[in-house]
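Chemist: There's a structure below that I have some questions on.
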Amino acid sequence: MPQVNYKTITQITGPLLFVDEVPNASYNELVQINLENGETRLGQVLETRRGMAVIQVFGSTTGMSTKETSVRFSGSTARIQVSDDMLGRVFNGFASPIDGGTPITGEKIDIVGNAINPYSREEPS
């Protein structure tokens, strides 16, 4: 998806933004939310339907407005680098090291797994 800033927010309810006229948003896609004062926040698409996306904001929606706040869709889901370099390290909620150590190297993997098929589960005994 091209990097476009959408200023079509129709509603802000709690931690949710409702954005219209978004033709290609994807479930779990990460977004950057740009406030009028230059501040940015992150969010994730929870639902899409008929050109509308519901976005959960990671943090507060304070200072956001339907007229002046814009949303940029990243085209990708959350990914983290995984390796043995992570052992004994301290991370924030976005899996970024916060202990002053060396950067993590390794394979980037998608943190969103596949849905579990309820028919493939074993029945409890």
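Chemist: Evaluate segment 66-78: report whether one residue or more is in a loop (DSSP other than H, G, I, E, B) and aliphatic (A, V, I, L, M).
Modeler: yes
Chemist: Another question, if that's okay. Using the structure shown, decide if Pro103 is without any contact (Cβ under 8 Å) to a residue 40 or more places away in the chain and either assigned to a strand (DSSP E or B) or over 19 Å from the mean Cα position of the chain (by Cα) (or both).
Modeler: Numbers: without any contact (Cβ under 8 Å) to a residue 40 or more places away in the chain: yes; either assigned to a strand (DSSP E or B) or over 19 Å from the mean Cα position of the chain (by Cα) (or both): yes.
So Pro103 fits the description; yes.
Chemist: Name every residue in segment 26-41 that is in contact (Cβ under 8 Å) with a residue 12 or more places away in the chain and either surrounded by fewer than 16 Cβ atoms within 10 Å (Cβ to Cβ) or closer than 15 Å to Val112 by Cβ (or both), in order of residue number.
Modeler: Of everything in segment 26-41, those that are in contact (Cβ under 8 Å) with a residue 12 or more places away in the chain and either surrounded by fewer than 16 Cβ atoms within 10 Å (Cβ to Cβ) or closer than 15 Å to Val112 by Cβ (or both) turn out to be Ser26, Tyr27, Asn28, Glu29, Leu30, Val31, Gln32, Glu36, Asn37, Glu39.
Chemist: Still on this structure, please answer the following. Going through segment 22-36 one residue at a time, which ones are modelled with pLDDT of 95 or more and farther than 23 Å from Asp110 by Cβ?
Modeler: Within segment 22-36, Asn34, Leu35 meet the criteria.
Chemist: List pairs: first in segment 46-72 and farther than 19 Å from Tyr27 by Cα and free of Cβ contacts under 8 Å to residues at least 60 places away in the same chain, second among the β-branched types (Val, Ile, Thr) and surrounded by fewer than 18 Cβ atoms within 10 Å (Cβ to Cβ), Cβ under 8 Å, 6+ apart or cross-chain?
Modeler: What qualifies is Thr61/Ile12; Met64/Ile12; Ser65/Ile12; Thr66/Thr10; Thr66/Ile12.
Chemist: Before we move on, is Ala95 small (Gly, Ala, Ser), in contact with a strand residue (DSSP E or B) (Cβ under 8 Å, 6 or more places away or on another chain), under 30 Å from Glu21 (Cα atoms) and surrounded by 10 or more Cβ atoms within 10 Å (Cβ to Cβ)?
Modeler: On the way: small (Gly, Ala, Ser): yes; in contact with a strand residue (DSSP E or B) (Cβ under 8 Å, 6 or more places away or on another chain): yes; under 30 Å from Glu21 (Cα atoms): no; surrounded by 10 or more Cβ atoms within 10 Å (Cβ to Cβ): yes.
No; evaluated as a whole, the condition is false for this residue.
The values are calculated or read from the model by the stated rules, or taken from the named source; none is laboratory data. Bear in mind the structure is a predicted one, so any value in this text is a computation, not a measurement. Glycine gets a Cβ as well: all are built from the backbone with ideal geometry, and neighbour counts include every protein chain shown.
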